[in-house]
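Take a look at the structure set out below.
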Amino acid sequence: MIEDNVRTLLKELSAGNNLGEQIDLVGASKTVDAATINRALAAGLTCVAENKVQEFNEKFPLVNCKNYQFIGHLQKNKVKYLIGRASLIQSVDSWDLALEINRISEKKGVISDILQQVNIGMESTKSGFSPEECLDRAQDLSALKNLRLKGLMAMLPVSADESFLAELCLKMRALYDALRKTDPQIVHLSVGMSGDYKIAIQNGSNMVRIGSAIFGRRMY
């Protein structure tokens, strides 16, 4: 049952990560109907996130969640539909996208919370800032008046090599720690999904995006 899945995960994550930090559980609710999402929320889940803007907009009025985030690839022409509604845009994967979020946010008179997406595995099939440019670009992002950089996000490669995945998590943690030294607003390191969240939280992640482990396997 979904309710049991939520309670089991919350109990597991309550121990914190390897550094003793609290872990934020984000329910990845792609293709899940609003009624089912609300069941998970009633069981104790406090945050959900969508991968597609159209789904976000359709479900936003129906989902009983104040912390409704966006975690999917975001096209610049769809930014306007999220600003002032999404509590956190995790997938800011380019400078041009950041500029557009800042522009629309200024137009609407709001400050938008974002995470900088890092392509930590340097995969050609994934977007995001390179690890080498991450810190410099984070400073640029923080300088935009209508954005509030809250941390970093990454998607780990699909791999059976747990030591390799752990190494990537530690690299993300090093980038996160470097940012935190100069910016107290940096609080989220979002790494880990249903198949790899255990490795992620053992190596510094403090936010995980869990879909199938809550809602079951889905046909995408």
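The values are calculated or read from the model by the stated rules, or taken from the named source; none is laboratory data. Keep in mind it's a predicted model, so treat the numbers as computed, not measured. Because the Cβ atoms are built from the backbone with ideal geometry, glycine has one as well, and the counts that use them run over all protein chains shown. What goes into the accessible areas is simple: the full protein's heavy atoms, side chains included, and nothing from ligands, DNA or RNA. Shrake-Rupley method; radii C 1.70, N 1.55, O 1.52, S 1.80 Å.
Numbers below:
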| quantity | calculated |
| --- | --- |
| Top-ranked residue in segment 179-211 [being out of contact with any Lys or Arg (no Cβ under 7 Å at 6 or more places or on another chain) and more than 17 Å from Glu21 (Cα to Cα); ranked as modelled with the lowest pLDDT] | Thr182 |
| Condition broken by Gly84, with the remaining ones in (1) farther than 16 Å from Val208 by Cα; (2) crowded, with 17+ Cβ neighbours inside 10 Å; (3) under 18 Å from the mean Cα position of the chain (by Cα) satisfied | (2) |
| Test: Val92 is among the β-branched types (Val, Ile, Thr) and crowded, with 20+ Cβ neighbours inside 10 Å | yes |
| When residues of segment 134-191 are limited to those that are of a type in the set (A, V, I, L, M, F, W, C) and assigned to a loop (DSSP other than H, G, I, E, B), the one surrounded by the fewest Cβ atoms within 10 Å (Cβ to Cβ) | Ala160 |
| So Ala166, is it touching a helix residue (DSSP H, G or I) at 6+ places or on another chain (Cβ under 8 Å), under 26 Å from Lys30 (Cβ atoms) and of a type in the set (A, V, I, L, M) | no |
| Subset tally (residues that are open to solvent by 60 Å² or more (accessible area, probe 1.4 Å), among the hydroxyl-bearing types (Ser, Thr, Tyr) and touching a strand residue (DSSP E or B) at 6+ places or on another chain (Cβ under 8 Å)) for segment 192-220 | 0 |
| Any pair with Cβ under 8 angstrom, 6 or more apart, that starts in segment 195-208 at a residue that is more than 19 Å from Cys47 (Cα to Cα) and ends at one that is aromatic (Phe, Trp, Tyr) and not in a loop (DSSP other than H, G, I, E, B) | Gly204/Tyr176 |
| Test: Lys145 is modelled with pLDDT of 95 or more and in contact with an Asp or Glu (Cβ under 9 Å, 6 or more places away or on another chain) | yes |
